[in-house]
Amino acid sequence: MQDKRIKILSRLGWALLLTAFVVSCNMQQIVNPGSQVVHAPAYVNPHLACDLCHGTEEPKAGPALFPRDADPSSICLDCHDYIENHHPQNFSPDNPSDFPFPLYEGKVRCLTCHEIHGGPKHEGTLRLLREGPYTDRRTICFKCHLRDQYTAINPHIMLDSGGNILEVHGKPVCLLCHTIKPNPEVDRTPDVRFRADVGFLCWRCHPPMPDPFFNKHFLVTPSNSTLEIMQETEEQIMVILPLVPRGRITCSTCHNPHQEGVILHEAAAKGADAYGRLRISFMCDACHNIR
């Protein structure tokens, strides 16, 4: 047991440097200072088969476009791992005639902001956002919202000077990401509930990491051998490397978004306020046998 711990820690020196380089969202700036950041390639449209949403391989415009008069936005939730969306839905905007995107029965729905077929030429856009691609993904948000009002919010600052949970617009800051405010005294990883897929929550402010790192990690299901290394790391170093439904890697697998002092459980609290918010400093070594 002790030998395994020494083996892991002995690789800290150069693994730390490698991790900082690989997982940095600014890696391209390090390699080529002054260059424009190149975002991950267009989202691979998962709706390759028409029948997955339309119930037929030859959908036709009209009342039968979706099976059983299904609400097209509800079909999105058949695959996405959340119940309450990270953006409010089913509401009518104050000035619908001036609204920049399409409404459905006068209301904002999933397809208001997302063009599910990948744009007018079907070439694909990042996150299937309408009128994309955007250099800064938040640009689409500011087509409806006041930039100054929203950019002032930092969801990673969660506590006031007295250690109490801060509020944003009269609600606990936790609810920017969670559907229910977690109880740090009793809740563990399986108990918390999110407003959206974890990656979507992070992308509201952060760009995805550069390729090829991103495509080889995000929403990838670890192999059995990798899972064994991860479990060994969790036991040896007392850390939790959480996965999302169907056992897939996401942003929070490696990064802890919480402020120090919010989470009480030691293993889950590791990485809070750390450099890069990495759960452990030699992050690559948590899943890979780096020699």
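A few comments on the model shown:
- Largest-first ordering by accessible area, 1.4 Å probe, given options Leu176, Leu278, Leu146: Leu146, Leu176, Leu278
- Accessible area in square angstrom per residue, the stretch 142-219, 1.4 angstrom probe: 62
- Label-to-label distance, nm, for residues given as Asp211 and Gln149 (7 Å Cα→Cβ offset): 3.7
- Against the criterion of solvent-accessible heavy-atom surface with a 1.4 angstrom probe, Tyr104, Tyr134 sort, most first, into Tyr104, Tyr134.
- Accessible-area value, His169, 1.4 Å probe, nucleic acids and ligands omitted, Å²: 130
- Computed extension length for Asp191-Cys50: 47.2 nm, one decimal, from 0.36 nm per residue of separation with the Cα-Cα distance subtracted.
- Think of each Lys and Arg Cβ as +1 and each Asp and Glu Cβ as -1; about the Cα centre, that makes the dipole of the stretch 208-291 roughly 300 debye.
- Of the whole protein surface, Glu185 contributes about 140 Å² of accessible area at a 1.4 Å probe radius.
- Taken about its Cα centre, the stretch 76-208 carries a charge dipole of roughly 200 debye when the Cβ of each Lys and Arg holds +1 and the Cβ of each Asp and Glu holds -1.
- Summed side-chain charge close to Cys141 - residues other than Cys141 whose Cβ falls under 11 Å, Lys, Arg +1, Asp, Glu -1: +4
The values are calculated or read from the model by the stated rules, or taken from the named source; none is laboratory data. Everything numeric here is computed off the predicted structure, so don't read it as measured data. As a convention, Cβ positions derive from the backbone with ideal geometry for all residues, glycine included, and neighbour counts pool all protein chains shown. Heavy atoms of the whole protein, side chains included, go into the accessibility calculation; ligands, DNA and RNA do not. Shrake-Rupley method; radii C 1.70, N 1.55, O 1.52, S 1.80 Å.
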